1. Condition test on A:Gly76, is it at pLDDT below 85, crowded, with 19+ Cβ neighbours inside 10 Å, at negative phi and within 8 Å of chain B (Cβ to nearest Cβ)?
2. Tally the residues that are of a type in the set (Val, Ile, Thr) and without any contact (Cβ under 8 Å) to a residue 12 or more places away in the chain, restricting the search to region B:38-64.
3. Would you be able to say whether some residue in region B:86-98 is surrounded by 24 or more Cβ atoms within 10 Å (Cβ to Cβ), in contact (Cβ under 8 Å) with a residue 12 or more places away in the chain, over 20 Å from B:Gly150 (Cβ atoms) and hydroxyl-bearing (Ser, Thr, Tyr)?
4. How many residues does region A:60-73 hold that are under 12 Å from the mean Cα position of the chain (by Cα) and at the interface with chain B (Cβ under 7 Å from one of its Cβ atoms)?
5. Does region B:84-98 hold any residues that are out of contact with any Leu (no Cβ under 8 Å at 6 or more places or on another chain) and either at pLDDT 95 or above or away from every other protein chain (no Cβ under 12 Å) (or both), and which are they?
6. Tell me, which residue of region B:71-83 that is surrounded by 23 or more Cβ atoms within 10 Å (Cβ to Cβ) and not β-branched (Val, Ile, Thr) is farthest from the other protein chains (Cβ to nearest Cβ)?
7. Which of the residues that make up region B:150-163 are open to solvent by 40 Å² or more (accessible area, probe 1.4 Å) and aromatic (Phe, Trp, Tyr)?
8. Does B:Ala103 satisfy the criteria of being within 23 Å of A:Asp33 (Cβ to Cβ) and either out of contact with any Pro (no Cβ under 7 Å at 6 or more places or on another chain) or crowded, with 23+ Cβ neighbours inside 10 Å (or both)?
Amino acid sequence: MKKLMIVLALIVVFVIGAALLSSHKAEWSGVDDSVVKKFAEQAGRPPSEPYINIAQGDMELFFFLLAGIVGGFTAGYYYRELFPPNQKLVGHSTNV
Amino acid sequence: MSYLPLTVVALMAVTILGITAEPVYAMHISEGILPMGWAVLWFLASLPFVVLGLRNLRIRSEKEPHFKAMVGLVGAGVFVISCMPIPVPVAGTCSHPCGTGLAAILIGPSISVVVSSVALLLQALFLAHGGLTTLGANIFSMGVAGSFAGYGIFVLCRRMGLSFIVAAFLAGVLSDWATYATTSFILTGALHADTSFWKMFVTILLAFVPTQVPLGILEGFLSAGAYTFVHSRRPEYLGIFAKGGVA
């Protein structure tokens, strides 16, 4: 229960912190804009539109949420396979 | 409690990716930036590492029953981590860790290249994150440079007698920095034209510094924490690596 509370507290802090940061006056743009795109444009090679352009309405949000869900649950699935819950761990030699 | 790790991973991933209203590409070189000749060159440069990784993946999967699951876990981790924009307050920008240093010390550098290639392909196809023509260059910077730098530093540190925690931390830090240094190199090679190569390389590299120095350190802590977790729970998963087996 204690661990659960710590994890929940961390998630709350993380979500609030991220929300505050996202509303900050700073640009918070990726280094793609501040570095890669800037130098590419200076050299006359600005980025072109991606072949599959998801920047239309809420499509972008949908795809990023989907990626998070799929990635997160895939990681969780394999985590449980590798580290089964309530498993009695036998002593292993720490040879690393 | 048994579902806690899964829930935490899912919540963090959804939260991080959901807050981002606009895609943040960070080290990913976007579509159209590299001239076709350079794009092909980086595909050719990455190809042998991908082939080697696929071969090693097959060999290790036959020998170690847990290995496919470990690759699946690491692959999902690299995919999420490498499209996760993290705000860096000191720079006022966002960037992402790569996860390839950690991947390399858990599953080996060549297989980490394969995992990175799949993650980058999915990001290019479905998240407009990177590009299809620049996929080879992105595989080389994040997959090849990040993985082999992280693995090399880890092995070097262990041979010098440093603890695995310090070695994993430095692997995370230096794999991140190696990735962005390689991205700078790739961009400079393709774009420098009449400008001095080294002058432009240093300029791009320095432009990454305010964001990537703190983020690299964060990636170091991530790598040390994850490696320590596996080492404490199931050290046998790291056994072949420790004995210098196929990596």
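The values are calculated or read from the model by the stated rules, or taken from the named source; none is laboratory data. Bear in mind the structure is a predicted one, so any value in this text is a computation, not a measurement. Positions of Cβ are backbone-derived with ideal geometry, glycine not excepted, and every protein chain shown enters the neighbour counts. Each accessible area value is taken on the protein alone, full model and side chains, heavy atoms only, with ligands, DNA and RNA left out. Shrake-Rupley method; radii C 1.70, N 1.55, O 1.52, S 1.80 Å.
1. Answer is no for this residue.
2. Looking only at that region, the number is 1.
3. yes
4. The first filter runs over region A:60-73 and keeps only residues under 12 Å from the mean Cα position of the chain (by Cα), leaving A:64-72.
Right, trim to at the interface with chain B (Cβ under 7 Å from one of its Cβ atoms) and you get A:64-65, A:67-69, A:71-72.
Qualifying residue count for the region: 7.
5. Once the filter is applied, which keeps residues that are out of contact with any Leu (no Cβ under 8 Å at 6 or more places or on another chain) and either at pLDDT 95 or above or away from every other protein chain (no Cβ under 12 Å) (or both), region B:84-98 yields only B:Cys98.
6. B:Ser82
7. Hit for region B:150-163 is B:Tyr151, nothing else.
8. Considered against the rule, which asks whether it is within 23 Å of A:Asp33 (Cβ to Cβ) and either out of contact with any Pro (no Cβ under 7 Å at 6 or more places or on another chain) or crowded, with 23+ Cβ neighbours inside 10 Å (or both), B:Ala103 comes out as no.
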